[in-house]
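Read the structure below first, then the notes.
Every number here is computed from the coordinates shown, using simple stated rules; none is lab data. No experiment lies behind these values; they were computed from the predicted model shown. Reconstructed Cβ throughout: ideal geometry from the backbone, glycine too, with neighbour counts over all protein chains shown.
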Amino acid sequence: MSVLIDSLLAILIVYLALQCLLAPRLTQTVFLFFAFGLALALAWVRLGAVDVAITEAAIASGFLGVLFLDALRDFSFITSGKQESSDAANHSVSKKKPAFLSLPGVVLVLGLGLFLLITLEAVWKVPESGGLTAATEALLPESGVENPVTAVLLNFRAYDTWLEMGVILLGLLAVMAVGGIKIFPVHRKTPEDPVLQQVILFFTPILFLFGAFLLYFGKNGPGGAFQAAVLWGAIGILLHLGGRPVLTVIPRWLSQLLLIMGIGFFLMLGFLLLAGGASLFEYPPSYAGVLILIIETLAAISIAVTLVSVFVHLNQLNKEESN
Amino acid sequence: MDVFFTIVIVFLLLNIAVGLIRVWRGPTVADRLLTTQLFGTTGMAILLVLAGYLEDPDFLNVAITFNVLAILLVIGLVKVWKKKKGESP
Amino acid sequence: MTGLPTSPLPALLVGFPILLAILTLFFRPGVKALVGLAGCLLTALLAFIAFVEVTQRGTVIHTPGGWDPPLGILLRMDALAAVFIGMTALVGGFISLYAWRYLRAQDPATGGYPLFWPLWLFLWAGLNGLFLSNDLFNLFVTIEVISICAVALAVLSGKAGALKAGLRYLLAAITGSMAYLFGVALLYGSTGTLDLDHLGQVLEPGTTTTFALLVVTLGLLIKMAGFPFHFWLPPAHSNALAPVSALLSALVVKGAFYILLRLWMEVFGVGITYAAGQLIGLAGAIAVIWGSWQAFMQTSLKLLVAHSSVAQLGYLLMIFPLLILPPGVTADSADWLSVTWTGGVYQVISHAIAKASFFLSAGIVIMAVGHDRIESLRDLVGNMRITSMAIGLAGVSLIGLPPSGGFVGKWMLLKGILLSGQWWWAPVVVAGSLLTAGYVFMLLRLAFAPAREKEPFRPVPKTLEVVALLLAVSSFLIVFPADYLIQFLENSEIFGSGIEAVLKGGFYGND
Amino acid sequence: MTITELFTVILLVAGCFFFLAGTLGVLRFPDLFTRLHALTKADNLGLGFIAAGMALHIASPWAAIKIFSIWLFTLLASSTSCYLIARFQKEKNPPKNRKEEG
Amino acid sequence: METYQIYSITSGVLFVIGMGGVFLSKHFIKKIIATIIMGSGVFLAFVSFAERDALSFADPVPQALVITGIVVAVASAAFALALARRIYQLTGEESFTIEK
């Protein structure tokens, strides 16, 4: 019976992915992308990966979704209500002459089909291995946390997670390197409409509390720094969209400190441990729980500020507004 | 009870699938935008039932995450819409 | 991995540059460059200390978090890693010096592209992390750090051309990483481990293994611009700022090659067939001929150098078919194996140094004449003696004339080819060298030719010229420690499982 | 079957009924505005029933609060986006009663 | 058919769709979304193996890897988006022009 659920969900996911790429309009692509994210989150839930589902919902669907939506202010939006109007179609697969009907297109599609068959055979024949479940289960009591995923992220493979925080910071540096950005925008002169303000004011505490909830319960239940960071970051993005760019209020050095706090503290802790003769990130077992919580809190703040900055920077890369 | 939940989930998934026919047929762009709407509500329902079916209330957190961020998306959409309204006839 | 001495150095090699990178964020643009430069030199010093440590103590390891693999991650600094880290330090140190002066001269208003320094330090940390990592997933994270930094550096000039090339590069890089990661997922699914040593022991031949090998190799080929996927490299490398171009072609593409070498030698013993090796060799051979020919046809200086990179990377791919024994040959008689792979490593080092010098010199010429048509080299000798010498020396090393480092690498490769009996690769090596000679001598002829119209050469900071020349000279100096380096590589126990696989005849795979 | 389970079943079936109604509306109604109406109203009601049913089934006050807030937030988000889609359509293509083909 | 097999097959399909999308789509945004779909395929493969290897809980290592992977993929996508928007801002181009 549950096979039915899974097959239906699988078909839905594949259908949405295809539609997402084949949709003639950018708006549709972006909206189908949200639907795809939601369907994928259902799949994660079905596979028992709650942490992954929350991450998908928060980062891949929520944060990235807002970035894509914001990008719709550029590029061709819907210019007419009629179905296949001409102007928006010239940069996508149009009905008249799809790209995959040309000769190289046919070769490519045939090649992809062949590749798909090989892929499916390989995926079907993956031998059983048992994974690392048993190993994690055995060492979980020494990790200082109860949620096995958090234990892997912040203790067993803390080195990866630390580098990943670096990647997020790098994402911001890279976005800044693109250029065309005034460092921080000033307050809008015209206030936004009151309904929007009310919605934002209503959601700010909810986002904050739920973020804190995910962060704190990440130790024992699903959730953790990254998911909490997106929710906290969402506050900043909301305020920015409502005409209150929070980052201008903070002095520059402080916002920079907030940006690097997570990765910086993590690294300094690692170096301290190194100086004490232990390995990098080898927490003393009795303090592991506390240290992980501190690292997660600082990391969540840092990542939240980074995400807001990324959004603010991308938000400025607008063709009309810059001219 | 499990069988019943499974039936409910399959039913809701089929609902989405059938609703997608409208998205596929159009005729207007706004009709296609309904996907998100359809998915949002029905997806939340599926998540709720799954939480009961798999006996793990933690799954509710997934639904809440989606929900609170949906507001972000909606406000983002308002912005896009306002911007475009200003420039296109 | 018990028994090997542990050392904090691997952790420091990754942590220290990142610490400096985040520190530089706090300084004002002008000061940022100074702090960044100081950080780069310190990092180079640290790498040098680490290199000496490995020569003294042999392979050292570090387990972050204190958890042993397969659950934890192992950082292992063996001779191969040490050589690559040393190479990065040598080339990176010189490029940092050059960049410090160059960026200030290019863009005095904003203090010389201040973002260059944190990005470059992050890139350095990523490269060190990649060379040290012994974990499939950690390798993915490091190549992502490297790609993001590389693309961000490539678009630093902010010009539309650079941005377009950068987006193309980034999309290719993400596709490559994802293909690699798909292979990793399948490998994890079928073995339950991510540790390279462990994986080499437990991997069984089968459809999944072969497919995983295919996608991993495909992904890494995209990342290192192997033949059918080279399309992103010339625009990205030629549109970047001069020191960045040098970093990208000297160091960044070598990262993917390093993983490929490690995986083919250590892990995929059971999955590789003779035909797979021939195929990748063929891609390399086409790249050598096509890239050299394209370089020969270019009219813009930086595009010429960038296409030359495609060709030189082709040589690196050509070592792979030699590492696989043809059917019916026993491992005992395969005496060409070590000469081939050490030759490949040598080729990497000499190309890194020569190509860096070439790109830096090109940057100087462009700075002096204001555009990058090849014609601008006219009467270079009369105006910029030092730079012409650097171009000449680097060119000679690229061609592979004795007594340059390039000669040693290519000669060892040729020796491996002839010893292995796969003679059909030999004409490619020779033809590639001839074509390289063609474009290098074309440049030199122009450099000696009298100026047609009086185009003024603007004065260029002497530091830049000296750095480019020093690098060019180094590409000759590395001949002296060649014997020592090769012995260092051969005597170390790298590729323990890979060599074992050869001895077991495992390199045939399932046929 | 206990009485709680019975109630859960009844509530879920009621929820499913409304979802079915919403989907049929989306399929059969003649233009966007009526479709929007069907989708938003019926589906949100359906979700309400399902939320109530699941709150009963899981039977912990903490979960009940969460489920209730999920319903509330979904109402907010879906009504806002419904409003936006409708306004968008109204700008581009004002309603002409029952003229558009389906 | 086991639950995990349905999803691992789906992962293969998504991976190929994404890979095809990167090459065949024209618009920048679609190319970026294609990379995300490709990544989703990869992550689905990891998580399906995690479900297969479940004891008292699903294998946490692939889940942790996927969380890291999602974050890394999103960071790259955000950067790609910045590049695409900046290119549009400077030149008005929304896709790579035909001639290379």
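Any idea what the relative contact order of chain C is, in percent, if you count C-alpha pairs under 8 Å spaced at least 6 apart?
Computed value for chain C: 16 percent relative contact order.
Around C:Pro243, with a cut-off of 12 angstrom between Cβ atoms, what is the net charge of the other residues, counting Lys and Arg +1 and Asp and Glu -1?
So the environment of C:Pro243 carries a net charge of +2.
7 Å from Cα along Cα→Cβ at both D:Leu75 and E:Ala54: what's the point-to-point distance in nm?
3.4 nm
Once the Cβ-Cβ distance between A:Ile11 and D:Phe33 is put in as r, and R0 is 41 Å, what FRET efficiency do you end up with, to the nearest 0.05?
0.85
Taking the Cβ of A:Pro127 as the center, what net charge do the other residues with Cβ under 13 Å away carry, scoring Lys and Arg +1 and Asp and Glu -1?
So the surrounding residues net to -1.
Treat each spin label as a single point 7 Å out from the Cα along the C-beta direction, and report the C:Glu204 to C:Arg445 distance in nm.
Calculated label separation equals 6.2 nm.
Could you work out the relative contact order of the range C:369-479, using alpha carbon pairs under 8 angstrom and six or more residues apart, expressed as a whole percent?
Result for the range C:369-479 is 49 percent.
Cα-based Rg of the range D:3-101 per 2.2 N^0.38 Å, rounded to two decimals?
Dividing the Cα radius of gyration by 2.2 N^0.38 Å gives 1.30.
At 1.567 mPa s and 4 °C, plugging the Kirkwood radius over alpha-carbon pairs of the range C:233-375 into Stokes-Einstein gives what diffusion coefficient in µm²/s?
The estimated diffusion coefficient comes to 80 µm²/s.
So how much slack lies between C:Ala431 and C:Ala275, counting 0.36 nm per residue of separation and subtracting their Cα-Cα distance, in nm?
Separation in residues times 0.36 nm, less the Cα-Cα distance, equals 53.8 nm.
Across peptide A:302-310, how many C-beta atoms of other chains are within 10 Å of each residue C-beta, on average?
1
Got a sec? How would C:Arg452, B:Arg22, A:Arg244 order by Cβ neighbour count within 10 Å, fewest to most? Can you show the working numbers first?
On the way: C:Arg452 9, B:Arg22 23, A:Arg244 17.
Neighbour counts put them in this order, fewest first: C:Arg452, A:Arg244, B:Arg22.
What Rg and what Dmax come out for the range A:138-323 when only alpha-carbon atoms are used, in angstroms?
18.5, 61
Sort all Cα-Cα distances of the range C:379-486 into consecutive 5 angstrom bins from zero, then give the percent of pairs in each bin up to the one containing the longest distance.
Percent of pairs per bin, in order: 2, 12, 17, 18, 17, 13, 9, 6, 4, 2, 1.
Give the calculated FRET efficiency between A:Asn220 and C:Glu453 to the nearest 0.05, with a Förster radius of 60 Å applied to their Cβ-Cβ distance.
0.20
Determine the shielding of peptide C:19-27 by partner chains: average, over its residues, the number of Cβ atoms on other chains within 10 angstrom of each Cβ.
4
Semi-axes of the equivalent ellipsoid for chain E, please: Cα gyration tensor eigenvalues, times 5, square-rooted, ordered largest first, whole Å.
Equivalent ellipsoid of chain E: 34, 15, 6 Å, largest first.
For C:Thr6, what residues show an amide H to amide H distance below 5 Å, using hydrogens built from the backbone and excluding near sequence neighbours?
Correct list: C:Ile61.
I need A:Ser255, D:Ser60, C:Ser309 ordered by Cβ neighbour count within 10 Å, fewest first.
Final ranking by Cβ density, sparse to dense: D:Ser60, A:Ser255, C:Ser309.
Just to verify a number: FRET efficiency for A:Ile250 and C:Lys415, C-beta to C-beta distance, R0 = 45 Å, to 0.05? Walk me through the numbers before you get to the answer.
Details: r = 63 Å, r/R0 = 1.40.
Rounded to the nearest 0.05, the efficiency is 0.10.
Given the alpha-carbon gyration tensor of chain C, what are the semi-axes of its equivalent ellipsoid in whole angstrom, ordered largest first, with each equal to the square root of 5 times an eigenvalue?
In descending order, the three semi-axes are 36, 27, 20 Å.
Given the peptides C:246-254, A:281-289, arrange them by the average over their residues of other C-beta atoms within 10 Å, most packed first.
C:246-254, A:281-289
Per DSSP helix of 4 or more residues, -39500 (n - 2.57); summed, then divided by the residues of chain E. What does that give at 222 nm, rounded to the nearest 500?
-28000 deg cm²/dmol, from helical runs alone.
Can you give the mean number of other chain Cβ atoms that lie within 10 Å of the Cβ atoms in peptide C:188-198?
So the per-residue partner count for this stretch is 6.
Would you list the P(r) distribution for the protein assembly as shown, with all Cα-Cα distances sorted into 10 Å bins from 0 and each bin expressed as a whole %?
It works out to 2, 11, 20, 24, 21, 13, 7, 2, 0, 0, 0, in whole percents.
Can you pull a Stokes-Einstein diffusion coefficient for the range C:69-184 at 4 °C (1.567 mPa s), Rh from Kirkwood over Cα pairs, as a whole number of µm²/s?
82 µm²/s
Ignoring everything except DSSP H segments at least 4 long, calculate the 222 nm mean residue ellipticity for chain A; use -39,500 (n - 2.57) per segment, divide by total residues, nearest 500. Walk me through the intermediate numbers first.
Values: 13 runs with 211 residues, N = 323.
Calculated from helices alone, the mean residue ellipticity at 222 nm is -21500 deg cm²/dmol.
When Rg is the radius of gyration of the Cα atoms in the range B:2-85 and Rh is its Kirkwood radius, what does Rg/Rh come to?
1.07
From the mean inverse distance of alpha carbon pairs (Kirkwood) and the Cα radius of gyration, derive Rg over Rh for the range C:1-134.
In the range C:1-134, Rg relative to Rh is 1.05.
What distance in nm separates the simple spin-label points at E:Met1 and A:Leu4, each placed 7 Å from Cα in the Cβ direction?
Placing both labels 7 Å beyond Cα along the Cβ direction yields 1.5 nm.
Taking only C-alpha pairs under 8 Å that are 6+ residues apart, what is the relative contact order of chain A in percent?
19 percent
Can you work out the Karplus-derived ³J(HN,Hα) for every residue in the range B:55-72? Use 6.51 cos²θ - 1.76 cosθ + 1.60 with θ = phi - 60°, whole Hz, and x for glycine or proline.
After applying 6.51 cos²θ - 1.76 cosθ + 1.60, I find 6, 9, x, 4, 5, 4, 4, 4, 4, 5, 4, 4, 4, 5, 7, 4, 4, 4 Hz.
Can you list, bin by bin at 10 Å, the percent of alpha carbon pairs in chain A, starting at 0?
5, 19, 27, 26, 16, 6, 1
Output wanted: per-residue J couplings in Hz (rounded whole) for the range C:372-379, from phi through Karplus 6.51 cos²θ - 1.76 cosθ + 1.60, θ = phi - 60°, x for Gly and Pro.
Couplings: 10, 6, 4, 3, 5, 6, 3, 6 Hz.
First select every other residue whose beta carbon is under 12 angstrom from the beta carbon of C:Gln312; then total the charges, Lys and Arg +1, Asp and Glu -1.
Details: positive: C:Lys254, C:Lys355, C:Lys410; negative: none.
Net local charge, C:Gln312 excluded: +3.
So for A:Val66, C:Val35, B:Val3, fewest C-beta neighbours within 10 Å to most, what's the order?
Listed from fewest to most nearby Cβ atoms, that is B:Val3, C:Val35, A:Val66.
Read phi for every residue in the range C:148-163 and hand back ³J(HN,Hα) as whole Hz from Karplus 6.51 cos²θ - 1.76 cosθ + 1.60, θ = phi - 60°, with x for Gly and Pro.
Karplus values, whole Hz, x for Gly and Pro: 4, 4, 4, 5, 4, 5, 5, 9, 4, 5, x, 7, 4, x, 5, 5.
Along the Cα-to-Cβ line of B:Ile7, 7 Å from the Cα, sits a label point; which residues in the range B:28-65 have backbone N less than 17 Å from it?
Backbone N within reach: B:49-50, B:53.
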